[in-house]
1. Out of all the residues in the range 103-119, is one or more in a loop (DSSP other than H, G, I, E, B), assigned by TED's automatic domain parsing to the domain that holds Ala237 and buried (at least 17 other Cβ atoms within 10 Å of the Cβ)?
2. Here are Asp41, Asp37, Asp95: which of them is of a type in the set (Asp, Glu), modelled with pLDDT of 95 or more and in a helix (DSSP H, G or I)?
3. Applying the selection to the range 12-38, what residues are closer than 16 Å to Gly205 by Cβ and in contact with a Gly (Cβ under 9 Å, 6 or more places away or on another chain)?
4. Every residue in the range 137-165 that is of a type in the set (Gly, Ala, Ser) and either touching a Ser or Thr at 6+ places or on another chain (Cβ under 8 Å) or more than 26 Å from Val182 (Cβ to Cβ) (or both), please.
5. Among the residues of the range 204-261, what is the count of those that are under 23 Å from the mean Cα position of the chain (by Cα) and hydroxyl-bearing (Ser, Thr, Tyr)?
6. Any residue at all in the range 170-181 that is among the β-branched types (Val, Ile, Thr), part of a loop (DSSP other than H, G, I, E, B) and either surrounded by fewer than 21 Cβ atoms within 10 Å (Cβ to Cβ) or in contact with a Ser or Thr (Cβ under 8 Å, 6 or more places away or on another chain) (or both)?
7. Within the range 191-220, track down each residue that is in a strand (DSSP E or B) and closer than 12 Å to Ala19 by Cα.
Amino acid sequence: MKPDVIVVGSGSGGGVVAARLTEDPKVNVLLLEAGPDTWPDVPDAVMHVRGGSGVEEYDWHYGDPSIGAVLPRGRLVGGSSAVNSSYALRGQPVDYDGWGRGWSWNECLPYFNRLEDDADFGASPYHGRGGPIHIERSRPDSAVEESFIGACLELGHQPLPDLNQPGGVGVGPLPRNVRDGVRQSTLVTYLAAARARPNLEIRGGALVDRLLFDGDRVAGVRLASGEEIRAPRTVLAAGAYNSPQILLRSGVGDAAQLGKIGIEARLDLAEVGRHLTDHPLTVFVAQVEGGMPADKVRVGPTVKLRSRPDLPADDMKITLFPDGELLNLPGLTGIHIEIDETYSEGVVELRSKNPEDAPHIESRLLTDPRDQARYLFGVSHMVEIFDALRDGMHAEMLLPDEETAHDRDALHEYVMTHFSTGYHPSGTCRIGHVVDESCRLIGARGLWLADASIMPSVPRANTNLPTLMIGERVADFVKSEL
């Protein structure tokens with residue numbers, strides 16, 4: 001099959017693009033994935049959410065030594081959508097209204113609705129029914145979950161049955177893209193539906209080294225094996241860590257930086273790999289009397305809140321994990337805070353020209369004072385929620401210990417050395433700087449990007465649903481030029 005479109009990366013962006021383009025039987029698509037294709041004998045750890053984000057044998061094994069963090073990223077067909085925790089959050093309208101021309105909330109909403117099959121709110125105008133991604137919410141069914149909700153209400157938070165309600169803040173059940181315990185990744189949704197199409201070829205084990213150029217047109221890709229594959233159109237959807245790597249190895253990036261590792265600059269786009277954004281988070285661990293039954297693996301309710309009353313939307317969320325399996329803490333309860341409006345920016349850089357080498361990643365979380373202020377407010381409020389929670393049940397804080405948790409200075413010192421990322425990397429190939437508003441590479445023809453790297457700012461949400469939305473939009477962008 002001679003491809004009309006090559007799609008690099010099969011996750012939340014690329015998997016959607018490949019599936020949508022092949023709905024037209026006249027369009028041949030080659031989908032390339034660096035990791036294996038596990039279909040149809042999908043391993044249980046990929047099929048079902050068991051241990052939160054990451055599956056060891058299907059991971060890129062990236063890390064950020066500067067903060068001592070591992071950075072799980074899926075290396076298999078389905079990408080990170082096949083190994084994540086399956087939180088189905090969108091963010092707020094204000095997020096997208098700040099993305100620039102063509103990306104307002106009203107312009108993105110139809111694509112969010114298109115991808116959804118929301119079991120609870122699908123009939124509302126701001127949700128969808130019948131889309132590929134099933135979304136559901138678990139009602140509280142344990143004493144600790146009820147106590148968490150009661151604590152939040154006691155502290156003044158409002159009930160919020162739908163955490164994806166535009167503008168909503170308050171406490172309610174976390175929406176998840178899970179059906180009967182099965183993670184609704186692109187592997188088992190979009191791509192499962194598209195596999196029988198003769199105009200789709202999926203190749204696992206195909207690590208892309210760099211792009212091929214004919215003048216100012218991207219003409220295909222060169223694999224790490226040396227094989228060259230040509231097509232008139234290419235969609236790069238390798239993620240916020242790997243898409244900038246492929247561009248940099250192709251000579252697209254900061255010319256001075258590229259010259260230091262022996263790569264001749266083809267397009268001098270200095271912001272490739274810059275402006276890496278993510279959500280800082282930390283977890284408190286508690287021993288709670290009467291936790292979840294041993295056979296349950298679930299995420300409890302979540303509260304979305306503002307650190308200041310004058311903010312236009314929430315800037316953080318606190319989530320209860322009534323069973324520690326998702327945090328690798330069997331038998332313990334976790335309370336997890338994530339700062340969702342962030343300003344700190346990091347970088348993704350090449351270590352060498354070798355496509356097998358991991359990139360140099362510096363998240364630089366909490367380096368902006370505004371992020372630190374939000375974070376310190378949030379962890380203090382998390383202690384307040386915990387103290388209110390245990391009014392109705394016996395509970396003990398383990399990490400940090402009780403003394404540290406209730407000493408403001410000691411708590412702040414503890415949390416500034418005990419944080420990680422939310423596994424939501426974005427922003428490394430931003431709209432307006434690396435790609436235009438239609439996600440085409442600036443200064444070249446024939447290449448679109450379709451992943452979280454194009455986000456001008458990270459939304460107030462886990463990035464899976466926003467990236468699925470981007471995939472839906474880029475599919476339409478490409479279709480308009482076929």
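The values are calculated or read from the model by the stated rules, or taken from the named source; none is laboratory data. Keep in mind the model is a prediction, meaning the values are calculated, not measured. Note: ideal-geometry Cβ built from the backbone for every residue, glycine included; neighbour counts use all protein chains shown.
1. yes
2. Exactly one residue qualifies, and that residue is Asp95.
3. The answer is Gly14, Leu31, Leu32, Glu33, Ala34, Gly35, Pro36, Asp37, Thr38.
4. Passing the criteria: Ala143, Ser147, Gly150, Ala151, Gly156.
5. Total satisfying the criteria: 3.
6. No, that holds for no residue.
7. Scanning the range 191-220 gives Leu200, Glu201, Ile202.
Residue-wise test of (1) crowded, with 23+ Cβ neighbours inside 10 Å; (2) part of a loop (DSSP other than H, G, I, E, B); (3) modelled with pLDDT under 95.
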| site | (1), (2), (3) |
| --- | --- |
| His433 | no, yes, no |
| Glu437 | no, yes, no |
| Pro456 | no, yes, no |
| Ala461 | yes, yes, no |
| Ile470 | yes, no, no |
| Val474 | yes, no, no |
